[in-house]
Amino acid sequence: MSKYQQSNSSAQVKQAGHITPRNKRNMLYPVTTLIMLSSILIILGLGWV
Amino acid sequence: MNTSINHGAPRSQTATLATNSVIRNTYTLLAMTLVFSAVVAGISMSLNLPHPGLLLTLGGYFGLLFATSKFRNSSLGLGFVFALTGFMGYTLGPMLNSYLSLPNGGELVMTAMGGTGVIFLGLSGYALVSRKDFSFMGGFLMAGILLAFVAGLAAIFFELSALSLVVSSMFVLLMSGLILYETSNIIHGGETNYIMATVTLFVSIFNLFTSLLHLLGAFNSDD
């Protein structure tokens, strides 16, 4: 399997006419999860006066 | 579907059109979710709803994030985006009420809101107009957010108010970087799903606002 092949959105990316390296596309979902956790941290603890 | 695309060629017209469509849809959905979340936060404030607590907040945020991610390629994903942003608005309500009970609370909230708007519009505009590739920031942002998160946990458990201010400042910088990174990611075709792009931008704006509010509140208090 090529290092550019992905299970989910590779078809969409190929349709768009380019291939984005794996690290560029997959970076965001762990980041989204982490900032979501950070939101909870701020809402429940840090954000209070 | 289209088999005639040459993958080795520079970005084609199809790719540019697809990118423009993702940008347009992302900003439309982002505007709608921000308004919806603000309305829910307003209702939560006016009804004086209590904070849902750790378990419900964790379950609500991650359950709805998981559902949004799972259905990101269908219209059901749109419903989950509104459910997620609405729920986040609801959790913001009690926090805003506590700030508004301060003598200059209204001013603080409005300043934080204005600051968030200026930062978001400025950074998004910069990324859109300059078309620079900010993908090099990915690793730095991931490491920074992880560090800020762990430091935030330490600040809460050990009740270190100075550290919590440092963490809030870190979040302001990191969320600003994330707005640049995500906008650049959409422009350069790294994010082709506008639902997930909206979620990332929404959560960045949400954290930016709450972190700014915390900083402004701390520096405005007389203690």
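Read-outs throughout are calculated quantities, based only on the coordinates presented, and are distinct from any laboratory measurement. The model shown is predicted, which means the values in this text are computed figures rather than measured ones. Counting neighbours? That spans all protein chains shown, and the Cβs are built from the backbone with ideal geometry, glycine included.
By how many nm would the segment from B:LEU121 to B:PHE219 lengthen if fully extended, with 0.36 nm per residue of separation less the alpha-carbon distance?
Details: separation 98, 0.36 × 98 = 35.28 nm, distance 2.46 nm.
Additional length available on full extension: 32.8 nm.
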Between B:SER176 and B:LEU47, how many nm apart are label points set 7 Å from Cα along the C-beta direction? 3.7
Each label point is 7 Å from the Cα along the Cα-to-Cβ direction; what then is the distance between the points at B:ALA38 and B:PHE140, in nm? 3.2
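Subtract the Cα-Cα distance of B:ALA31 and B:LEU128 from 0.36 nm times their separation in residues, and report this length gain in nm to one decimal.
Roughly 33.2 nm would be gained on extension.
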Chain B: proportion of alpha-carbon pairs further apart than 28 angstrom, %: 34
Spacing of the two label points (7 Å from each Cα toward its C-beta) at B:SER75 and B:ALA162, in nm: 5.7
In deg cm²/dmol and to the nearest 500, what is the mean residue ellipticity at 222 nm of chain B if only DSSP H runs of at least 4 residues count, each as -39500 (n - 2.57), divided by the residue total? -28000 deg cm²/dmol
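Could you put B:ARG24, B:ARG72 in order, starting from the residue whose Cβ has the fewest other Cβ atoms within 10 Å? Write out the running numbers ahead of the final one.
On the way: B:ARG24 11, B:ARG72 21.
Ascending number of Cβ neighbours within 10 Å: B:ARG24, B:ARG72.
Using Cα pairs closer than 8 Å and at least 6 residues apart in sequence, work out the relative contact order for chain B, in percent. Please report the intermediate quantities before stating the final value.
Values: 223 pairs, mean separation 61.5, N = 223.
Value for chain B: 28 percent.
Shape call for the range B:104-223 from the C-alpha gyration tensor, a ≥ b ≥ c root eigenvalues: rounded (a/c under 1.5), prolate (a/b greater than b/c) or oblate? Walk me through the intermediate numbers first.
On the way: a/c = 2.59, a/b = 1.55, b/c = 1.67.
The shape class here is oblate.
How would you rank A:SER39, B:SER135, going from fewest to most other Cβ atoms within 10 Å of each one's own Cβ? Walk me through the numbers on the way to the answer.
On the way: A:SER39 24, B:SER135 17.
So the ranking, lowest neighbour count to highest, is B:SER135, A:SER39.
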